[in-house]
Each structure stands twice: as structure tokens, then as C-alpha cells.
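S.K.: Here you go, one structure.
The values are calculated or read from the model by the stated rules, or taken from the named source; none is laboratory data. Worth saying up front: this structure is predicted, and the values here are computed from it rather than measured. A quick note on method: Cβ atoms are made from the backbone with ideal geometry, for glycine too, and the neighbour counts reach across all protein chains shown.
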Amino acid sequence: MGIPFTADQFLDVFRQYNEAVFPVQFLLVLVAVAALYLTIRPSVVSDRWISGIAALITLPMILFKNKSL
């Protein structure tokens, strides 16, 4: 049993995602760096901030996933 998609189809999914979130991509990177900082320097509320950041980073994937279908 082989893989149900070609390498070009697999890479095309990444291309479509990157095109869909392009303007927001830089903001998402900054938010991810903030989450990394909060894991290195934990505070009383860092767990809540990290959870919120994870949700924020996941949101564009949820919103734009079906856009290309």
C-alpha cells in the first residue's frame, strides 16, 4: 500500500496555506516567539498566555484549511 498522494500534492498543501496566511505570517512568528519566551521565563499567568497563543496560532489553520477545497 503506497502513499495516497504525490510529493507535489503534499508540497502544494503548504504552498496554499502559506499563500492564504501570508500577510499574517509575520505576526504569527512574533506570537510564537512570545510563547517561547514565556516558556523560558515562566510567570504566574504564563500558562494561560501560552494556551491563548497556541489557540491564536492554530486559528488561521482552522479558518483557511477549507478555503482551498
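S.K.: Among the numbered conditions (1) modelled with pLDDT of 80 or more; (2) among the aromatic types (F, W, Y); (3) in a helix (DSSP H, G or I), tell me where F5 comes up short.
M.R.: If we test F5 against (1) modelled with pLDDT of 80 or more; (2) among the aromatic types (F, W, Y); (3) in a helix (DSSP H, G or I), just (3) comes out false.
S.K.: Considering only residues that are more than 11 Å from the chain's Cα centre (by Cα) and under 30 Å from E19 (Cβ atoms), look in segment 45-62 and name the one that is surrounded by the most Cβ atoms within 10 Å (Cβ to Cβ).
M.R.: Looking at residues that are more than 11 Å from the chain's Cα centre (by Cα) and under 30 Å from E19 (Cβ atoms), I get I50.
S.K.: Would you mention how many residues in segment 25-44 are surrounded by 12 or more Cβ atoms within 10 Å (Cβ to Cβ), under 13 Å from the mean Cα position of the chain (by Cα) and without any contact (Cβ under 8 Å) to a residue 24 or more places away in the chain?
M.R.: Of the residues in that region, 3 qualify.
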